[in-house]
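Read through the structure below, which is laid out as structure tokens, and then see the notes.
Rule-based calculations on the coordinates, nothing more; no lab input. None of these values were measured; they are calculated from a predicted model. Ideal geometry is used to build each Cβ from the backbone, glycine not excepted, and the neighbour counts take in all protein chains shown.
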Amino acid sequence: MTHGIEFRQISKRYGGKQSPLVVQGIDLVVPQGTLTTLLGPSGCGKTTTLRLIAGLESPSSGRVLIDGIDVTTLGAAERNVSMVFQSYALFPHLSVLGNVAYGLEVQGIGRDETRQRARATMDLVGLAGFDERSPSELSGGQQQRVALARSLVLQPSVMLFDEPLSNLDARLRRSMREEIRTLQQRLQLTVAYVTHDQAEALAVSDQIVVMDAGCIAQAGTPQQLYEQPASAFVAGFMGEAMLFEAVVDAAGWVQLGPLRFAAGRALPAGRVQVAVRPEAWVIDPTGAANPSAGSASLAGTLAKSAYLGNLQELSFDTALGLVFVVSPDVATRWQPGQAVGLTLAARGVSVVAA
């Protein structure tokens with residue numbers, strides 16, 4: 001598959017040679033027609049990485065390629081790239097049509113073609129009939145659509161999104177992320193997308209790149225990063241996970257307290273950490289072991305519970321410490337101090353380096 005975006009040993013620092021690196025020698029590939037999300041905590045370098053793709057920043061070393069062409073020395077206006085900003089950056093004095101058409105007018109496209117392409121793009125994002133509205137008359141979701149149309153109308157090789165949904169409420173965020181994903185797949189756009197929201201990244205991505213302190217901690221499909229995190233950092237950042245100390249025996253089995261399970265990959269004997277998702281715990285209210293788990297159960301005593309409508313959040317005191325469990329069983333009414341047996345399901349358990 002052709003690379004839409006490629007980083008080859010890209011580094012970036014602000015200031016002199018003694019200044020710390022914000023991006024540290026990363027290699028990154030975004031295949032054409034796919035969506036890659038850059039995910040990580042504040043200050044990890046994800047927005048700087050996006051700006052390096054856009055040409056808004058120049059790398060301190062390394063090469064940037066778009067569609068196989070080296071664009072390292074080209075400025076933002078010389079790259080066929082469009083960016084949707086967190087703040088939308090709409091022109092308040094222009095109508096919706098004027099905002100969408102602006103880039104075409106700057107390129108010197110004729111008036112008739114400009115209006116035709118602008119209106120066709122507005123139709124594509126659900127803004128038909130909004131020609132003369134001003135940005136101040138629009139809702140947040142509508143303003144987001146204008147920003148999206150303004151980028152799409154330029155028919156870019158690459159589209160960049162910098163926290164595009166952070167100013168929207170939860171329900172509108174869900175709707176807009178579905179629209180962005182649908183458009184990306186329908187038009188086969190090459191997209192790099194920055195967010196700090198794990199659920200958003202899981203929902204829209206072909207590939208997720210988790211960044212930490214200017215480095216790539218792990219890259220892979222959403223399923224790979226959630227189910228097979230390479231480190232404790234990735235396990236903790238991709239959704240909730242609790243880390244426990246465990247031991248791998250000479251036969252390759254992992255011993256976590258009384259629980260024993262196969263690691264799923266070759267590991268040397270010794271100490272490891274096990275990341276357990278809250279939904280991976282299987283609860284037996286009778287306190288008995290789960291025969292299918294192939295091990296004894298972990299005894300637990302209910303410390304607290306919270307009913308959330310479609311699930312219950314439960315915390316149990318165990319020999320491993322406090323264990324947090326999410327259960328889809330909303331019918332059971334738990335009592336503080338109630339004794340249970342806990343075992344592990346086949347999914348949601350990962351062994352990471354100690």
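Structure above, values below:
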{"item": "Cut-off under 5 Å, modelled amide H: who pairs with Ala296 long-range", "result": "Arg260"}
{"item": "Dipole magnitude of the chain about its Cα centre (Cβ charges: Lys, Arg +1; Asp, Glu -1), debye to nearest 20", "result": "280 debye"}
{"item": "Helix-derived mean residue ellipticity, 222 nm - over the chain, DSSP H n ≥ 4, -39500 (n - 2.57), to 500", "result": "-7000 deg cm²/dmol"}
{"item": "Spatial separation of Cα centroids for the range 54-70 and the range 231-283, in angstrom", "result": "39 Å"}
{"item": "Charge dipole of the range 240-352 about the Cα centre (unit charges at C-beta), most positive-ward option of Ala262, Asn310, Gly300", "result": "Ala262"}
{"item": "With Cα atoms, 0 to 90° folded angle of helix 96-106 axis to the chain main axis", "result": "70 degrees"}
{"item": "Gyration tensor verdict on the range 105-157 (Cα atoms; rounded if a/c is under 1.5, prolate if a/b is larger than b/c, oblate otherwise)", "result": "prolate"}
{"item": "Gain in span if fully extended, Ser175 to Arg347, counting 0.36 nm per residue against the direct Cα distance", "result": "59.0 nm"}
{"item": "Peptides ranked, highest mean first, by Cβ atoms within 10 Å: ranges 5-12, 331-338, 243-250", "result": "5-12, 243-250, 331-338"}
{"item": "Between 0 and 90°, nearest 10: helix 170-187 axis offset from the chain longest Cα axis", "result": "60 degrees"}
{"item": "Max mean-square fluctuation residue, GNM over the chain, Cα-Cα springs under 10 Å, options Lys17, Lys46, Lys304", "result": "Lys17"}
{"item": "Cross-link partners of Lys46 among lysines (Cα-Cα below 16 Å; sequence separation of 8 or more within a chain)", "result": "Lys12"}
{"item": "Rounded, prolate or oblate (a/c below 1.5 giving rounded, otherwise prolate when a/b exceeds b/c) for the range 42-87 by Cα gyration tensor", "result": "oblate"}
{"item": "Calculated SAXS-style log₁₀ I(q)/I(0) at q = 0.10, 0.11, 0.13 Å⁻¹ - the range 3-232, Debye, Cα scatterers", "result": "-0.46, -0.56, -0.77"}
{"item": "Relative contact order of the chain, pairs being alpha-carbon contacts under 8 Å that are 6 or more residues apart, as %", "result": "15 percent"}
{"item": "Cα→Cβ-extended label distance, 7 Å offset, between Asp249 and Ser87, nm", "result": "6.1 nm"}
{"item": "Farthest positive-ward along the range 3-232 dipole, Cα basis, beta-carbon charges - from Pro229, Leu52, Ser205", "result": "Leu52"}
{"item": "Max mean-square fluctuation residue, GNM over the chain, Cα-Cα springs under 10 Å, options Gly309, Gly15, Gly252", "result": "Gly309"}
{"item": "Ala319-Lys17 pseudo-label distance in nm [points 7 Å out on the Cα-to-Cβ vector]", "result": "5.8 nm"}
{"item": "Spin-label model distance (nm) - Asp284 vs Arg133, 7 Å beyond Cα toward Cβ", "result": "5.8 nm"}
{"item": "Cα gyration tensor shape for the range 12-80, rounded if a/c is under 1.5, else prolate or oblate", "result": "oblate"}
{"item": "Nonlocal amide H pairs with Gln86, under 5 Å, H built at 1.01 Å", "result": "Asp162"}
{"item": "Choice from Leu320, Leu160, Leu225 with maximal GNM fluctuation in the chain (Cα, 10 Å cutoff)", "result": "Leu320"}
